[in-house]
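This report concerns only the one structure given below.
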Amino acid sequence: MTQRKQGRYGRRFRYALLPCALLCFMYGLWGSMEVFTGNAGGFRFTYFEAVLPLLGVTVIATLLLSLLLALLPRRHFTRAMVLVFALALCSYVQNLVLNLDLGLLDGEQVKWENYTAHGWKNLAVWAAMLIAVCALLLALKKRTRRVLRVASALLLAVQVVSFGVVSVQHLTSDAPSARDPTYVLTGD
C-alpha cells in the first residue's frame, strides 16, 4: 500500500473516531453503568469493578468501528459516519425524552400490550430523526465531516461529564457493595 493511501486511511480513521466513540461510549459504558446504578443491590460486584472492563470494551469497539469505517470506499465513508452519528443522536434523544416511566418495577407482571402505541410512536420518531439528521448533514457537503466532529465532541463531552457525576455519586454514596452479604432464597 502506498504512503498516500495510508495517509488517506489514517485521516479517515481520525475523522471517524469521535462519532464512533460517541456511539460506543453510550452503549458500551454509559448505558451499562446506568443499568447497574438502578440495580446495584442485585449485583455481586461494585460499580468501580465493572467500569474498567467496560471501558476497555468501549475503547476496543470504538477503534474497531473507526477502522471499519476508514476502510470503506470514499463515497460511502461520509455516509457511514453520518449514519453512526445519527444513531448515536437518536439513542441520546431516546434516553432523554422518549423512554417511558414504567413506575415501580417490583416483580408484578407488566401489561406490555398497553405500551404498543408508544413503541410505534418511538419508531416513527426514530425514523423521522434518522432521515432528518442524515439529510441535513449530507446537505452540508464539504462541511459535513467538520460538523460531525464538532457535534460528536460536544455530545461526547456531555456524556463524559454526566458519567463522571454518576461515578462521583457512587464514590460518596451508601450504594450496596460486592462486600455486603447477599441473601438468596433457595429451597434448602
Is there a residue in the stretch 2-17 that is under 21 Å from N95 (Cβ atoms) and crowded, with 19+ Cβ neighbours inside 10 Å?
no
I'm checking my understanding of the structure. Among residues of the stretch 137-188 that are open to solvent by 100 Å² or more (accessible area, probe 1.4 Å) and at pLDDT below 85, which one is farthest from F13 (Cα to Cα)?
D188
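Looking only at helices (runs of 4 or more DSSP H) that fall completely inside the stretch 1-95, which ones have 2 or more residues that are touching a Pro at 6+ places or on another chain (Cβ under 9 Å) and touching a residue at least 40 places away in the same chain (Cβ under 8 Å)?
47-70, 74-93
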The condition of being surrounded by 11 or more Cβ atoms within 10 Å (Cβ to Cβ), touching a Gly at 6+ places or on another chain (Cβ under 6 Å) and at pLDDT 90 or above holds, among T62, T58, only for T58
Condition test on H118, is it farther than 24 Å from Y9 by Cβ and either open to solvent by less than 80 Å² (accessible area, probe 1.4 Å) or among the aliphatic types (A, V, I, L, M) (or both)?
yes
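The values are calculated or read from the model by the stated rules, or taken from the named source; none is laboratory data. Note that this is a predicted model, so its numbers are computed, not measured. A quick note on method: Cβ atoms are made from the backbone with ideal geometry, for glycine too, and the neighbour counts reach across all protein chains shown. Side chains are part of the model used for accessible areas, which takes the heavy atoms of the whole protein and leaves out ligands, DNA and RNA. Shrake-Rupley method; radii C 1.70, N 1.55, O 1.52, S 1.80 Å.
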